[in-house]
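Colleague: I'd like to ask you about the structure that follows.
Rule-based calculations on the coordinates, nothing more; no lab input. In this text the structure is predicted, and so the values were computed from the model without any measurement. Glycine also receives a Cβ, built like all others from the backbone with ideal geometry; neighbour counts cover every protein chain displayed.
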Amino acid sequence: MATGTHSQVSIWATRWTTLTLVLIPVGIAVNFVGKYVAQALRLPLWLDSIGTVLTAFIAGPWVGALTGALNNIIYGLTVDPVSFWYFITSVGIGLVAGVMARLGFIRSTARAVVAGLVVALVATVVSFPINIYLWGGQTGNVWGDALFAALTLRGVPLWLASFLDELVVDLPDKVLTVLLAFGLFRALPRRLLSQFQLGEGDAQPTA
Amino acid sequence: MRPVGLYVERRSPLHALDPVSKLVYATCFALVPFVAGDLRVTAIVLCVNLSLLVLGRVLRQGLLALAGVGFFLGTLFLVQGMVYPGNATPVVRVGPLVLYQEGLAYALWLTARFLNLTLAAFVLLFTTRPADLVEELVHAGLPPRTGYVLLSVLQIIPSMAARISVIQDAQRSRGMETEGSLWVRLRAFLPVLGPLVISSLVAMQERALALEVRGFGAPGPRTSYRLPWRHRFAWPVRLLAVTALIGALAWRIMR
């Protein structure tokens, strides 16, 4: 794979083709399915941004961001209006996942874990102010909220407690999300990925 | 998994109203409490939304859909009652835990605001087919390509969901465990997701080709198979909704 060997300019570059536009709904559907399967298997995680991360890996940060944005819009317009508020979180996840991929963080599993940690941190930083505004700092996750209550009662400032509340949920969730997307990405046919590749100078392994 | 969305088939005045007017209404009325910052105003718009759900004959479905968040709202009262920074007046003592009046009042405010947001959205979601909403948004000026992306999500999800159960059955027949400890369930995730995502992405290439052959990327204006949805109360409803939002802002400033 030639991912990550691009110059500084091409981190943000995107190929806007019909294929790119058709990739986005598939990414959103993967988000839905991840959430659905996580619920069906009764996992204590969301796993609802695998598609956003995967499209960011395949087609770059802007496509990832757009997938995240449209994901929350369509979710807000069909099932859960609160997801509109977390619109920015999804955009952030898509952007960061795409940038990390272009910087070469999806060349090995160990690097993908680092990418997952960065995505988790960004998701937390973007989400916790929204949590403070909407819910007085809570997340709705039982373990996170128990930690939040315990910390606040011990005199930890609200913002810090809220940050940690979100972080304990996001850390395992986003690392696993990025690893799953990484596994899927590696399993994709080269022929498909090459259609999203930028520039002619990329060394393509001959299939 | 059913078709995406909360839409319930009924005959009601709300079902007859055009989707864009309902979207304008839902957006404005959901935001009124955030703008007004007042519990009484919130109570009023909450009642308006409840009566509209009655008018749309979807009140029962709406309240049932809310049942899932009851637990979270309970923890909101519990946690905010204990830890809200402005807490001063103790109300209830349960063992070592003390609930304060200020925190409970704050939780009530957050709950009312959330319920109003959700019910306002329900007025739209329960009475509007998602596909109709997207089509009307394209008529109202949304770029057709964005409209296509949103619409195709609505089509892809049910077909993917149908494929999940096929894949799950196939993997089970090969001996995959889907019940048991957390680790077992976690490991069952990838064998289901992998074939699903990869086959969907391969199908995606065919869809892109099919679209391009039919002039998807062609420049120039687009025509529509369906006429825009007209309703005689469309503009009065939109005007009323925007007025309510401006009224809420005025209330906030004057008070």
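Colleague: Return B:S12, A:S83 ranked ascending by Cβ neighbour count within 10 Å, so the fewest neighbours appear first. Spell out each step's value before the answer.
Modeller: Values: B:S12 16, A:S83 19.
Going from least to most buried by this count: B:S12, A:S83.
Colleague: Another question, if that's okay. Report the full-extension gain for the segment B:Q205 to B:V242: residue separation times 0.36 nm, less the Cα-Cα distance, to one decimal in nm. Please report the intermediate quantities before stating the final value.
Modeller: Numbers: separation 37, 0.36 × 37 = 13.32 nm, distance 4.33 nm.
Here the segment from B:Q205 to B:V242 would lengthen by 9.0 nm.
Colleague: If I build a Gaussian network model for chain B, linking alpha-carbon pairs within less than 10 angstrom, which residue out of B:L17, B:L59, B:L76 has the largest mean-square fluctuation?
Modeller: B:L76
Colleague: Could you tell me which helices of chain A pass both thresholds, a Cα extent of 20 Å or more along their own axis and a mean Kyte-Doolittle hydropathy of at least 1.6, with helices taken as whole DSSP H runs? Numbers along the way, then the final one.
Modeller: Working: long enough: A:18-40 (33 Å, 1.46); A:61-78 (25 Å, 0.82); A:87-102 (23 Å, 1.66); A:109-135 (36 Å, 1.75); A:158-187 (43 Å, 1.27).
Taking the DSSP H segments of chain A (at least 20 Å long, mean hydropathy at least 1.6), we get A:87-102, A:109-135.
Colleague: Let me know the charge dipole size of the range A:18-194 about its Cα centre in debye, to the nearest 20, where only the beta-carbon of Lys, Arg (+1) and Asp, Glu (-1) is charged. Spell out each step's value before the answer.
Modeller: On the way: 10 positive and 7 negative charges, 152 e Å.
With Lys and Arg at +1 and Asp and Glu at -1, about 720 debye.
Colleague: Using the basic label-point model (7 angstrom from Cα toward the beta carbon), what is the B:V184 to A:L121 distance in nanometres?
Modeller: Each label point lies 7 Å from its Cα, and together they span 3.8 nm.
Colleague: Still on this model: Rounded, prolate or oblate for the protein assembly as shown? Axes are the square roots of the Cα gyration tensor eigenvalues, ordered a ≥ b ≥ c, and the cut-off for rounded is a/c under 1.5. Please report the intermediate quantities before stating the final value.
Modeller: Numbers: a/c = 1.81, a/b = 1.23, b/c = 1.46.
Oblate, since a/c reaches 1.5 and b/c is not below a/b.
Colleague: Once you order the gyration tensor axes a ≥ b ≥ c over the Cα atoms, which shape class does chain B get: rounded for a/c under 1.5, otherwise prolate or oblate by comparing a/b with b/c? Could you put the intermediate results ahead of the total?
Modeller: Working: a/c = 2.48, a/b = 1.21, b/c = 2.06.
Verdict is oblate for chain B.
Colleague: Let's test the formula: R0 of 35 Å, r as the Cβ-Cβ distance of B:V54 and B:W235. What FRET efficiency results, to the nearest 0.05?
Modeller: Details: r = 24 Å, r/R0 = 0.69.
With R0 = 35 Å, the Cβ-Cβ based efficiency is 0.90.
Colleague: Between A:R111 and A:W12, 0.36 nm times their residue separation minus their Cα-Cα distance comes to what?
Modeller: Working: separation 99, 0.36 × 99 = 35.64 nm, distance 2.01 nm.
That pair, A:R111 and A:W12, stretches by 33.6 nm at full extension.
Colleague: When a/c reaches 1.5 or more, the comparison of a/b and b/c decides; with that in mind, is the range B:134-213 rounded, prolate or oblate per its Cα gyration tensor?
Modeller: It comes out prolate by the Cα gyration axes.
Colleague: Can you tell me the FRET efficiency between B:S165 and A:I88 if r is taken as the Cβ-Cβ distance and R0 is 30 Å, rounded to the nearest 0.05?
Modeller: Working: r = 34 Å, r/R0 = 1.14.
Efficiency for this residue pair is about 0.30.
Colleague: Starting from 0.36 nm per residue, how many nanometres of slack lie between B:R129 and B:C47 once their C-alpha separation is accounted for?
Modeller: Working: separation 82, 0.36 × 82 = 29.52 nm, distance 2.42 nm.
Computed gain between B:R129 and B:C47 is 27.1 nm.
Colleague: Another question, if that's okay. Relative contact order (percent) for chain A, with alpha-carbon contacts under 8 angstrom and 6 or more residues of separation? Please report the intermediate quantities before stating the final value.
Modeller: Values: 312 pairs, mean separation 48.7, N = 207.
About 24 percent, as a whole number.
Colleague: Which helices pass in chain B if a helix is a full DSSP H run, must span at least 15 angstrom along its long axis by Cα, and must have mean Kyte-Doolittle hydropathy not below 0.0? Each step should come with its number before you reach the end.
Modeller: On the way: long enough: B:19-36 (25 Å, 1.56); B:39-55 (24 Å, 2.29); B:70-83 (20 Å, 1.76); B:101-125 (35 Å, 1.21); B:144-173 (43 Å, 0.43); B:189-213 (36 Å, 1.36); B:234-254 (30 Å, 1.43).
Counting only whole DSSP H runs, the qualifying helices are B:19-36, B:39-55, B:70-83, B:101-125, B:144-173, B:189-213, B:234-254.
Colleague: Pick out which of A:I132, A:I88, A:I58 has the largest mean-square fluctuation in a Gaussian network model of chain A, springs linking Cα atoms closer than 10 Å.
Modeller: So, out of A:I132, A:I88, A:I58, the one fluctuating most is A:I132.
Colleague: Can you tell me which of B:Q101, B:Q155, B:Q205 moves the most in a GNM of chain B? Springs connect C-alpha atoms under 10 Å apart.
Modeller: Of B:Q101, B:Q155, B:Q205, the Gaussian network model singles out B:Q205 as fluctuating most.
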